[in-house]
Amino acid sequence: MHRVVVLVQPVQSTFELGCAVEVFGTVRAGIPQYYELEVCTETPGPVPTTAGYAMSVTRGLSALAAADTVLIPGWSSVEAPLSDRVRRALRRAHARGARLVTICSGVFALARTGLLDGRSATTHWARAAQLAADFPQVRVEPDVLYVDHGDVATSAGAGAGIDLCLHLVRQDHGAAHAALIARHMVMPLHREGGQAQYAPPPPPADALDGLIEWAGTHLGTPLSVGDMAAYLNVSPRTLARRFADQLGTSPGMWLLSRRVTEARTLLEETDLPVEAIAARVGLTSAVNLRRRFRAQVGTTPGAYRRAFQLS
């Protein structure tokens with residue numbers, strides 16, 4: 001039996017803890033139980049949660065000594081230091097071969113052990129810049145659902161924590177067993193770790209004298225960088241400089257990103273065929289849309305629609 005020990009700390013996110021419980025600790029009729037789950041904390045007793053209640057945790061850090069997987073769900077606040085006792089316990093567990101896994105902001109605790117130094121990791125897109133600033137020795141990947149190195153694994157926001165947990169089940173016991181658990185949870189069967197987090201696009205800047213709004217209404221036309229420069233009555237070089245200064249990107253990359261963003265909206269909100277969506281956003285063909293969409297979003301238009309269509 002594979003032992004999963006969840007390390008909780010005040011103030012504990014109940015949803016992220018629940019992700020681990022649902023995948024590793026819930027007994028389901030007709031599905032073999034390959035995991036046993038325990039919860040521990042540094043100081044046994046009541047542990048405050050983000051839901052406003054305290055939960056009673058009876059096991060201390062000694063539980064980590066027998067863990068095959070140590071899972072760290074997000075705690076509040078992420079700026080809280082890691083005690084020497086917790087740091088040593090996590091490093092000892094890793095040294096003897098335990099797999100260390102984080103969900104969402106739990107990566108901040110793992111980063112404080114030094115075990116992510118020189119390695120890639122991820123977290124919720126809203127925390128990625130903070131993680132990179134606080135731990136420059138960690139290679140932060142802000143646009144993926146999870147990163148698995150085998151001995152350590154990190155996930156993005158809480159929903160991606162379920163994806164990572166199901167991925168680990170698939171690694172441990174095969175795709176068929178992971179699919180059984182996913183079906184009982186009414187979850188997508190498999191989302192690749194490299195798939196994008198679907199962070200909301202930044203609000204359009206209006207400092208470009210109305211160009212952003214104008215270009216957004218002309219996506220279905222053969223709009224070019226030259227057309228955008230002509231709208232402002234500037235040279236393409238001047239336009240590129242203004243985009244770099246104000247938006248941190250090039251006009252061509254902004255236009256492509258804007259077209260893919262509009263395609264995402266149409267995939268979510270309409271039943272239009274991919275070919276029609278490609279024409280409407282100015283990407284000319286379904287083949288071109290699929291290529292550009294996968295490059296930017298990390299999945300296909302069809303898979304995105306199945307996961308996120310609103311109706």
Exercise for the section: Search the stretch 68-104 for residues being part of a loop (DSSP other than H, G, I, E, B), touching a helix residue (DSSP H, G or I) at 6+ places or on another chain (Cβ under 6 Å) and aliphatic (A, V, I, L, M), and hand back the single one that is farthest from CYS19 (Cα to Cα). Expected result: LEU82
Exercise for the section: Name the single residue, out of those in the stretch 1-18 being part of a loop (DSSP other than H, G, I, E, B) and over 21 Å from the mean Cα position of the chain (by Cα), that is surrounded by the most Cβ atoms within 10 Å (Cβ to Cβ). Expected result: GLN9
Problem - Whichever residue in the stretch 49-58 is part of a strand (DSSP E or B) and surrounded by 15 or more Cβ atoms within 10 Å (Cβ to Cβ) and, among such residues, is nearest to the chain's Cα centre (by Cα) - result: THR49
Completion exercise
Pairing a residue in the stretch 276-298 that is under 17 Å from THR221 (Cβ atoms) with any residue that is crowded, with 16+ Cβ neighbours inside 10 Å and acidic (Asp, Glu), where Cβ atoms lie under 7 Å and the two sit 6 or more apart in sequence or on different chains, gives VAL281/GLU262
Practice task
State which residue pairs qualify: first residue at pLDDT below 85 and inside the stretch 67-79, second residue β-branched (Val, Ile, Thr) in any location, beta carbons under 6 Å apart, and separation of 6 or more residues or different chains.
Solution key: SER76/VAL11
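Considering only the stretch 3-41, how many residues are closer than 17 Å to SER77 by Cα and either at pLDDT 95 or above or out of contact with any helix residue (DSSP H, G or I) (no Cβ under 6 Å at 6 or more places or on another chain) (or both)?
Of the stretch 3-41, the ones closer than 17 Å to SER77 by Cα are 7-17, 41.
Among the residues that remain, those that are also either at pLDDT 95 or above or out of contact with any helix residue (DSSP H, G or I) (no Cβ under 6 Å at 6 or more places or on another chain) (or both) are: 7-14, 17, 41.
The number of residues fulfilling the criteria is 10.
Output the residues belonging to the stretch 31-47 that are in a strand (DSSP E or B) and either more than 13 Å from LEU17 (Cα to Cα) or touching a residue at least 40 places away in the same chain (Cβ under 8 Å) (or both). I'd like the intermediate steps shown before the answer.
Restricting attention to the stretch 31-47, the residues satisfying the condition of being in a strand (DSSP E or B) are 35-40, 45-47.
TYR35, GLU36, GLY45, PRO46 - these are the residues of the stretch 31-47 that are in a strand (DSSP E or B) and either more than 13 Å from LEU17 (Cα to Cα) or touching a residue at least 40 places away in the same chain (Cβ under 8 Å) (or both).
Let's see how each residue does on (1) at pLDDT 85 or above; (2) surrounded by fewer than 22 Cβ atoms within 10 Å (Cβ to Cβ); (3) at positive phi; (4) not assigned by TED's automatic domain parsing to the domain that holds TYR304:
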site	(1), (2), (3), (4)
ARG119	yes, yes, no, yes
THR122	yes, no, no, yes
ALA128	yes, yes, no, yes
PRO136	yes, yes, no, yes
VAL147	yes, no, no, yes
ALA175	no, yes, no, yes
GLY216	yes, yes, no, no
PRO222	yes, yes, no, no
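Can you spot a residue in the stretch 184-204 that is at negative phi and either modelled with pLDDT of 90 or more or part of a helix (DSSP H, G or I) (or both)? Don't jump to the end; show me each part of the working.
Taking the stretch 184-204 as the starting set, the residues that turn out to be at negative phi are 184-185, 187-197, 199-204.
Retained after the next criterion (residues that are either modelled with pLDDT of 90 or more or part of a helix (DSSP H, G or I) (or both)): 184-185.
Checked against the condition, which is being at negative phi and either modelled with pLDDT of 90 or more or part of a helix (DSSP H, G or I) (or both), the stretch 184-204 yields at least one hit.
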Handout entry: Per-region count, the stretch 49-101, residues among the aromatic types (Phe, Trp, Tyr) and more than 22 Å from LEU168 (Cα to Cα)
Key = 1
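Of all the helices (runs of 4 or more DSSP H) wholly in the stretch 262-311, which have at least 2 residues that are farther than 30 Å from VAL186 by Cβ? Show your work before the answer.
Working: elements: 274-280, 286-297, 301-308.
In the stretch 262-311, the matching helices (runs of 4 or more DSSP H) lie at 274-280, 286-297.
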Practice task
Tell me, yes or no, whether the stretch 19-26 has at least one residue that is outside any helix (DSSP H, G or I), closer than 23 Å to ALA98 by Cα, in the same structural domain as ARG99 (by TED's automatic domain parsing) and out of contact with any Pro (no Cβ under 6 Å at 6 or more places or on another chain).
Solution key: yes
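The values are calculated or read from the model by the stated rules, or taken from the named source; none is laboratory data. Note that this is a predicted model, so its numbers are computed, not measured. Neighbour counts are summed over all protein chains in view; Cβ atoms, including those assigned to glycine, are modelled from backbone coordinates with ideal geometry.
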